[in-house]
């Protein structure tokens, strides 16, 4: 079924892009309406919102909270929003927690999430004080949303952040966001079992925001009442949706004041759960009965329905103005979710002139999977799948009830960061600890309490110094290691040395995912097709250049749409429905690559990231990666389903693949690698896994364009597209290459490019 797009929407990769776009687009429009105890109102504009986010974020960075996990406990209020958005725009992990949790459960969530900082509402200070006193979490600092004795507060942090910004501190503003990295940690409601922590990326949320804009009718003149708690995925995502659409959001005074708040804020959009919506419905029905107007209302509804159905004349809001005034007189749109809504309730709201739609989702799906549109309502339905979501029902019984499978943009992780309490760096070797062995050693030495204090409470000391302080010998610590790696030609810099772990199976064995290898093959075959048939793809090259001439266009807009059209032309999409026209369903589906055979930790080394400039200068980064040793053989099985080729006319034999690899390597050497000083000659079997070729191959720019034109286009993609970071590619034309940085490392005196491999196919017919 083709998904219908009812409204225009702009797709963004992350929440930072959404907020920056809204600040520019809606400017002085009201983002939030604040009310103090004296019932005085203050409007926070979109421009001001962004400024205050940057003030708070700048100070958080100044305090050293980059890469920290920040939990938020509190009511829906402006300070909650500021904290959450400051976390996200700075790349910190934001952890919204249920303010109503009992102190033990709240403490458990703080501990399980490994929160470093807790920002809390003063209303819940008693619970925070208890948790703080117990000192059983990893929390380093507690910050109050309002001024309280013995606590730093949000307002003070904003003021100090503004001073830092005025002095030119741009570290927070220039922070690049990894859209696909875990950035939000939410806990499920725990209605069926113990609440679970769910990892979400900014792209998960951004993709859901985009999909919701396509089906729901929001206007920048609307006012929303933020009744749903922000710690819930439904509430927090809807808040981002409202900001993306330019709405004003007000905060409720509590459940008993909902009706009052609807009137005083002139609320036009309301998002809630069935329990509350049904309570509003009952209030309306009781008012009608009390006035003895039930028969009149029902007859008027019949007339209204007739006019709407036959003549497309909608006078519902005029006919039922008196009733609607009980809801403030401005209510026009309601979204219900979280549970099924009674059909008669939905029907009655729509009959009165208030468009009511339902949706369905999960915390794990960030959250909306399916939703109705007011133009196409079916009472009792949850609508149709969102634009970027595919749904299937499996194992259905005779009643059509079965297992729901959902496919969409989801977070799967990209490698584990080995924390400082988990490894010892000694010279050019790093030992990764086995926690069980370390505990047994601590128990033997009667250091259980000391080990617990170190692991849970200590935030400064690393494992090496902890062992020395407790007089644990080098040999004893060596026996506690799960494995030890050679750190190669490491150069220590100031600051923390970060270690990123290699992909490992459940048994701790390193391996290379088959999907990574297939993705590499796909890129090579795609680039080869372009190089072999340049005239065929000339219009695509011109389209990219034309897109770049547009103002404020985003990088993914330039690339994603054009690359998709090239892929469809190259890989001959199979005869599938419109929604299945994707990479899974073209002739590449006939190439299946297994995960590599399991390797050993003895095959790993630690390699420091080196950035090599085209002028020959090197810059070391405080980042070590677990890498396979040079010369290590990786074995995978590549299976080809030839039946698919008969339907597409495209054939990829082993010799075709190797010829494509050769041509790709030659082009890569000629157009890109030859511009760098030093010995970087590659063989005709060279391929790259994990970013070695980087921007060049992934975007196919060096396949679509020649010489300086390729450099200019690549430079423009970085500089002219709207990406919230400073790329510093202004000299690329002078250098004659873009990008002008190679991702390298050094091992035993030799320089290597990250991800560089040589591929050999050994055909074997069954």
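The values are calculated or read from the model by the stated rules, or taken from the named source; none is laboratory data. Note that this is a predicted model, so its numbers are computed, not measured. Ideal geometry is used to build each Cβ from the backbone, glycine not excepted, and the neighbour counts take in all protein chains shown.
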### Task
Considering every residue within segment 147-170, establish whether at least one is in a helix (DSSP H, G or I), touching a helix residue (DSSP H, G or I) at 6+ places or on another chain (Cβ under 9 Å) and within 23 Å of residue 101 (Cβ to Cβ).
yes
### Query
Can you find even one residue in segment 312-319 that is loosely packed, with under 12 Cβ neighbours inside 10 Å, assigned by TED's automatic domain parsing to the domain that holds residue 223 and under 30 Å from residue 232 (Cβ atoms)?
no
### Which numbered condition residue 534 misses (of (1) out of contact with any strand residue (DSSP E or B) (no Cβ under 9 Å at 6 or more places or on another chain); (2) at pLDDT below 80; (3) more than 26 Å from residue 639 (Cα to Cα))
(2)
### Complete set of residues in segment 147-168 that are out of contact with any strand residue (DSSP E or B) (no Cβ under 6 Å at 6 or more places or on another chain) and within 27 Å of residue 107 (Cα to Cα)
148, 149, 150, 154, 155, 156, 157
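Yes/no per residue for (1) in a loop (DSSP other than H, G, I, E, B); (2) more than 27 Å from the chain's Cα centre (by Cα); (3) at pLDDT 80 or above; (4) closer than 21 Å to residue 752 by Cα:
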residue: 596; (1), (2), (3), (4): yes, yes, yes, no
residue: 607; (1), (2), (3), (4): no, yes, yes, yes
residue: 620; (1), (2), (3), (4): no, yes, yes, yes
residue: 634; (1), (2), (3), (4): yes, yes, yes, yes
### Message
Given the options 263, 283, name the one that is over 21 Å from residue 344 (Cα atoms), in the same structural domain as residue 39 (by TED's automatic domain parsing) and in contact (Cβ under 8 Å) with a residue 40 or more places away in the chain.
### Response
263
### Message
Quick test for you: out of 268, 236, 299, pick the one residue that is assigned by TED's automatic domain parsing to the domain that holds residue 211, within 22 Å of residue 362 (Cα to Cα) and either in contact with a strand residue (DSSP E or B) (Cβ under 9 Å, 6 or more places away or on another chain) or surrounded by fewer than 18 Cβ atoms within 10 Å (Cβ to Cβ) (or both).
### Response
236
### Message
Can you go through 87, 67 and tell me which one is buried (at least 16 other Cβ atoms within 10 Å of the Cβ) and in the same structural domain as residue 125 (by TED's automatic domain parsing)?
### Response
87
### Query
Is it the case that some residue within segment 215-227 is in the same structural domain as residue 99 (by TED's automatic domain parsing), surrounded by fewer than 20 Cβ atoms within 10 Å (Cβ to Cβ) and part of a helix (DSSP H, G or I)?
no
### Query
All but one of (1) more than 28 Å from residue 202 (Cβ to Cβ); (2) part of a helix (DSSP H, G or I); (3) touching a residue at least 24 places away in the same chain (Cβ under 8 Å) hold for residue 136; which doesn't?
(2)
### Task
Would you mind listing the helices (runs of 4 or more DSSP H) fully within segment 693-766 where at least 2 residues are crowded, with 20+ Cβ neighbours inside 10 Å and modelled with pLDDT of 80 or more?
701-704, 707-720
### Query
Hey, any hits in segment 114-133 for a residue that's under 21 Å from the mean Cα position of the chain (by Cα) and surrounded by fewer than 20 Cβ atoms within 10 Å (Cβ to Cβ)?
yes
### Residue identified as touching a residue at least 40 places away in the same chain (Cβ under 8 Å), assigned by TED's automatic domain parsing to the domain that holds residue 332 and at negative phi among 255, 200
200
